[in-house]
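This report refers to the structure that appears directly beneath it.
The values are calculated or read from the model by the stated rules, or taken from the named source; none is laboratory data. Quick caveat, the model's predicted, so the values are computed rather than measured. Backbone-built Cβ (ideal geometry, glycine too); neighbour counts: all protein chains shown.
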Amino acid sequence: MSRAAHGSGVLHPGEDKLPAMTNQTCAVTKAVIPAAGLGTRFLPATKAMPKEMLPIVDKPAIQYVVEEAVAAGLPDVLIITGRNKENLISHFDSVPELEQTLQNKGDNFRLRQVMEASELADVHFLRQGQPLGLGHAVGRARNHVGNESFAVLLGDDLIDGRDPLLRRMIEVHDAQQVTVVALMEVPPEQVNLYGCAAVEPTDEADVVRITGLVEKPNPEDAPSNLAVIGRYVLRPEIFDIIEGLEPGRGGEYQLTDALNHLALGEGERPVLGVIFDGRRYDTGDRAEWIKANLLLGVEHEELGPELREWLVGFVKSLA
Ligand code: UTP
C-alpha cells in the first residue's frame, strides 16, 4: 500500500494518479472472482480446500459464479486464489484420461458435465500472496484488468441464475459510467455481518445513490439495513484508492473502505446501489451452505423428486 487515501491523505479528483479515462465510456468485459480467503467460518472443511470448492448439489460453488459471469456477458474471468489453489485450478482444466474413460463407457451425460467447466470461459488465475483482505485481493487484479471497468463476483456468494443481478448492474454502469454495488435488505440484527450502506433514492425504484458505507457495523450504528452483497461493477480508479488504503476492520484492506472514499465524493462520480430481492446463498456460512444444497437440491432435475419426498417425511418426523 503506497499512498494514504484515508483522512488527510484523500485522493482528489484530477490528482496525479487518477486514470486518464475518467470521461471516456467503457464496456465491462472482465470478471474478477476473489477466492483466496481463509474460510475460517467453515473449518475444518476448509483446512485443505478452498470454501469456493465446496459442492452445491453436484458442482463446486465457484463454477456457479463463473457461469453467472459468462451469463452476464463476461467470458474473461480472473480468479484470485490463495493457499490450496491446486484443486480450484484443476477444476477448470480438461482431464483427458477421465474424458477418455467416460467416452469409452459411452457415458455422454457425465462427459458433458466434466467438460463443461473447462469450456465455460477464458479462466485466468492469480495468487493473492497473503490473504490481506478483499480490497487487497481486488487490487491484485490491476494488471489483468487495465484501464477498464470490471465486475467483481465473490466466489462464495451465489446469486440464483433465475434472478439475474449482474446484468442489471452492468446496465446501470453502462448508462451512467459509475461504480455500482449490489445491496440487499437484511434483518437489522444481521447488519454486523456485512458492509452496510447509507443511501438516497434515485428516479429508478431499484437504484439508490450510496452516500456512505461502513464495514460490519454494530446494529445500533448501522446507517440502514441495506447490506453490500458480493457483486460489484467497479471503475479502474478503484485501484489507486485501494493502493492508498490503510488496514481497516480486522486489520484487513477492505473493499468497503475503498468504495466509501468514492461514496463520500472523493471520486468524480457517484456510487450507485442496485437493490436485489432475489435468491442469494452465502456458501461461506455453514447453515447457509446446507440451505443452498437443499433449496437447489429439491429443484435438481435428477435428484429433486427423491429429495423432496424424503424431506417431506423428514419434516413430519420433526413435528
Ligand atoms: P470473507 O469475508 O468471507 O472472508 O471473504 P474469508 O476469509 O474468505 O472467510 P471467513 O470469514 O474466514 O470464513 C469474502 C470473499 O473474499 C475473498 C474470499 O475468498 C471470499 O470469496 N477474500 C477474502 C480473498 O480473496 N482474499 C482475502 O484476503 C479475503
Item to check | Of all residues in segment 249-307 being within 25 Å of ALA141 (Cβ to Cβ) and basic (Lys, Arg), the one that is surrounded by the most Cβ atoms within 10 Å (Cβ to Cβ) | outcome: ARG280
Item to check | Residue list for segment 14-44, filter: modelled with pLDDT under 90 and either surrounded by 14 or more Cβ atoms within 10 Å (Cβ to Cβ) or within 16 Å of the ligand (Cβ to nearest atom) (or both) | outcome: LEU18, PRO19, MET21, THR22, CYS26
Next on the checklist: Considering only residues that are away from the ligand (no atom under 16 Å from the Cβ), buried (at least 19 other Cβ atoms within 10 Å of the Cβ) and farther than 25 Å from ASP163 by Cα, which ones fall in segment 207-238?
Outcome noted: ALA222, PRO236, GLU237
Checklist entry - How many residues are aliphatic (A, V, I, L, M), more than 7 Å from the ligand (Cβ to nearest atom), within 15 Å of the chain's Cα centre (by Cα) and over 14 Å from GLY161 (Cβ atoms) when one looks only at segment 45-83? => result 6
Item to check | Odd one out for HIS91 among (1) touching a residue at least 24 places away in the same chain (Cβ under 8 Å); (2) over 19 Å from ASP157 (Cβ atoms) | outcome: (2)
Checklist entry - In segment 190-200, how many are more than 18 Å from the chain's Cα centre (by Cα) and under 19 Å from LEU262 (Cβ atoms)? => result 3
Item to check | Single match in ARG112, ARG127, ARG41 (criterion: in contact (Cβ under 8 Å) with a residue 60 or more places away in the chain and farther than 29 Å from ASP240 by Cβ) | outcome: ARG41
Checklist outcome for this item: In segment 211-228, anything closer than 24 Å to GLY155 by Cβ, assigned to a strand (DSSP E or B) and touching a Leu at 6+ places or on another chain (Cβ under 7 Å) is listed as LEU213, LEU226, ALA227, VAL228
Checklist entry - Do you know which of the residues in segment 126-150 that are more than 10 Å from the ligand (Cβ to nearest atom) and assigned to a helix (DSSP H, G or I) is surrounded by the fewest Cβ atoms within 10 Å (Cβ to Cβ)? => result ASN143
Next on the checklist: Quick test for you: out of GLU185, GLU215, pick the one residue that is touching a residue at least 24 places away in the same chain (Cβ under 8 Å), among the charged types (D, E, K, R) and in contact with an Asp or Glu (Cβ under 7 Å, 6 or more places away or on another chain).
Outcome noted: GLU215
